[in-house]
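The values are calculated or read from the model by the stated rules, or taken from the named source; none is laboratory data. What you are looking at is a predicted structure, and each value in this text was computed from that prediction instead of being measured. When we count neighbours, we look across all protein chains shown, and the Cβ atoms used for this are built from the backbone with ideal geometry, even at glycine. The accessibility values were calculated without ligands, DNA or RNA, using every heavy atom of the protein model including side chains. Shrake-Rupley method; radii C 1.70, N 1.55, O 1.52, S 1.80 Å.
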Amino acid sequence: MTTIEGRLAEFGAEIDRHWVRYALLAWLVVAIFYFGGRWEQVQALGLGDTDDNMRLMQVRALLNGQPWYDLRNYRIDPPGGLDIHWSRIVDLPIAALILVLRPFLGTPEAERIACGIAPLLPLSIAFLGLGATVRRLVDPRAWPIAAALLVFACGATILMFAPDRIDHHGWQLAMLSLTVAGLCDPRGGRGGALVGAASAFSIAIGLEMLPFAAMAGAIITLQWIWDRGHRQRLMGYAASLGGGTALGYAAFGSYADMVMRCDALTPVYLTVMLAAGLLLFALAWIDPASRWVRLALAVAAGAVIAGGFVHLFPQCLGRPEQVSDELARNWLNNVREAKPIYAHPFAQAFPIVTFPLIGLLGTAIATKRAVDERASNVVGWAAVALFTLFACLMLLWQTRAGPGAQLLAVPGATALMWIAVPLMLGSGNVLVRVFGTFAVVLFASGAFSGLALPYLDQGDKPDRRTRIINIANNRCPRLAAMAPLDRYPAATTFTFVDLGPRLVVTTHHDAIAGPYHRNGDAILDVQHAFTGSPEQFRQIAAKHGATMLLVCPNLPESTIYRARNPNGFYGRLAQGESFPFLTPLPLPRNSPLRLFRINP
């Protein structure tokens, strides 16, 4: 063995032996890089999504003494407030960071720093979850490739861990990484318990990943049906799923979720998870010797759960949001992330779907190799292959599955590199060694999609109107634009639905609505006020006690109102018409906003 080969072997042994330490060190380096690179955004409290703003409001309410189980936001649609379908789980790390930093930095700066750091915390879990998976399936030394792919190849995924992305998606993706690690854990009881606990934790946060949790449970059940040796895995999964869900509901279920709602962990899904846990545990306990009997019992258990759901909770057979037809038509059906991947422009869809398909190819190849070699990890690869295929199919339902699909593609893409790169490097042709290796990395990482996009995309270039809308969408929510509103006494302010959460975070003013389905009546009121007559606007504003009007010309939501009724109140206001019940209020000369007092 040459000196270089010996040193490489020593290096491989070192990163294998202390992989957790080095994985966390790699995460720390990435976290510092991201935090430093977005320092200006952090200082500007650049919460780019309405959910991020609402999350900070929820944390503020908790720190200001609002009861643990009361998740209403009383700054939106006062005095009753806005009911939100979240839980307190994701509030905790943000609140803890604020409490630690506040004595040294003051509340405003502590909030900024906390919002920058908090989303990076679950990224450490994702590093460990994917690292454990590729160590078990690919090679104990392959985890650095998985970490690199997560950071550089999973564009939609890594954005969920970016500073100021304090909504709950990063934590759910972290739980998904633990789920896939548990599915391929050779120690069945431990792996099953990890899958069940991660699923319960994710469901307690929100129902967005419920299909992934259900698929994980189906895979574990299929493993047991095929091989009785997975009995302990199924028992561990069933016990942790049922117990974890019950604990999550008891600790984090809000007052509003004590009724039979369908959009959060309520008695509806608590009942389902407890029943599933009990039935699956019973099946594993009985553990019949015949594979066909195990299959029949599993099908019967599934039928009982599905039949019980239909009989006991028929209200949940439709949309879980349970909104009116008008609200679905005018708002919810138009949410971009809820549309299938093929309904999006090519420029947006291509980078999202490319890496999951590469990961699916990699898992298929690795699974075939494991079968041919009768490898011990064949069951793990089969589980990951099924999970990755499911994630790709989910994209045909909703684009919001993109981050999860990319994360699940990491093991397959890692295997593709681990198999193909040595083949290229072992070639006797120097061109193959150099350009072949480069081509493999370019393909397996999905980097070619970004390079090819400018040449393939011919129809998605924004026109002048779109550029104007994008400028308004960027300028209006900025802290620098919103802060001058505090020159005026606190008031309930009528504004766009998508601007409401940002208004209450950055100023002392209250808003009427936010883009949340439990706020449906207020959302419709805002829509009717802007698209109806001036007198209708005045009546609705008075109904909500609004004394100021705030608009941002060319904000995407405003263009919808103008398109629906050019002669409606907002259409006429945007054209420069004045109304006797509105008095313009001065703002800085370069402000993108327009503010009015609503006269009695």
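Charges at C-beta only: +1 for Lys and Arg, -1 for Asp and Glu. How large is the resulting dipole of region 386-503 about its Cα centre, in Debye rounded to 20?
Computed about the Cα centre, the dipole is about 360 debye.
Viscosity 1.567 mPa s, temperature 4 °C: what is the translational diffusion coefficient of the chain from Stokes-Einstein with a Kirkwood Rh over Cα pairs, rounded to a whole number of µm²/s?
My calculation gives 49 µm²/s for D.
Net charge near A238, counting Lys/Arg +1 and Asp/Glu -1 over other residues with Cβ under 15 Å of its Cβ?
Net charge in that neighbourhood comes out at +3.
Quick check: from the Cα gyration tensor, does region 142-198 come out rounded (a/c under 1.5), prolate or oblate?
oblate
Relative to the longest principal axis of the chain, what angle (0 to 90°, nearest 10) does the C-alpha long axis of helix 3-17 take?
Approximately 60 degrees, to the nearest 10.
With a sphere of radius 9 Å drawn around the Cβ of I94, what net charge do the other residues whose Cβ falls strictly inside it have (Lys, Arg +1; Asp, Glu -1)?
With Lys, Arg at +1 and Asp, Glu at -1, the net is -1.
Amide H to amide H, which residues 5 or more places from G206 or on other chains are under 5 Å from it, using H placed in the peptide plane?
Correct list: empty.
Using the charge dipole of region 274-346 (Lys, Arg: +1 at Cβ; Asp, Glu: -1 at Cβ; taken about the Cα centre), state which of S290, F313, G277 has its Cα farthest towards the positive end.
So the residue we want is S290.
Decide, for region 63-113, between rounded, prolate and oblate: order the square roots of the alpha carbon gyration tensor eigenvalues as a ≥ b ≥ c, take rounded if a/c falls under 1.5, and otherwise choose prolate if a/b is larger than b/c, else oblate.
Note, shape of region 63-113 comes out prolate.
Under a Cβ-only charge scheme (Lys and Arg +1, Asp and Glu -1), can you give me the dipole magnitude of region 21-121 about the Cα centre, in debye to the nearest 20?
300
Tell me, how many Å apart are the Cα centres for region 399-444 and for region 340-360?
Cα centroid to Cα centroid, the span is 18 Å.
So if I restrict to the alpha-carbon atoms in region 168-281, what is the Rg, and what is Dmax, the biggest pairwise distance, in Å?
Final numbers for Rg and Dmax: 13.4, 43 Å.
Rounded, prolate or oblate: which fits region 539-600, taking a ≥ b ≥ c as square roots of the Cα gyration tensor eigenvalues, rounded meaning a/c under 1.5, else prolate when a/b beats b/c?
oblate
Reported to two decimal places, what Rg/Rh ratio describes region 251-316 when computed on Cα atoms with Rh from the Kirkwood expression?
When Rh is taken as the Kirkwood radius, the ratio is 1.10.
Suppose only helical runs count, i.e. DSSP H with n ≥ 4. What mean residue ellipticity at 222 nm does that imply for the chain under -39500 (n - 2.57) per run, divided by all residues and rounded to the nearest 500 deg cm²/dmol?
When only DSSP H runs of four or more count, the value is -20000 deg cm²/dmol.
Taking only Cα atoms, what is the 0 to 90° angle, nearest 10, from helix 447-456's long axis to the longest principal axis of the chain?
Between the helix axis and the principal axis of the chain, the angle is about 50 degrees.
How many Å² of accessible area per residue for the chain, probe 1.4 Å?
Normalised by residue count, the accessible surface of the chain is 44 Å².
Specify the angular offset, from 0 to 90 degrees and rounded to the nearest 10, of the alpha carbon long axis of helix 107-117 from the longest principal axis of the alpha carbons in the chain.
30
What accessible surface, in Å², does a 1.4 Å probe find on K543, ignoring ligands, DNA and RNA and rounding to the nearest 10?
140
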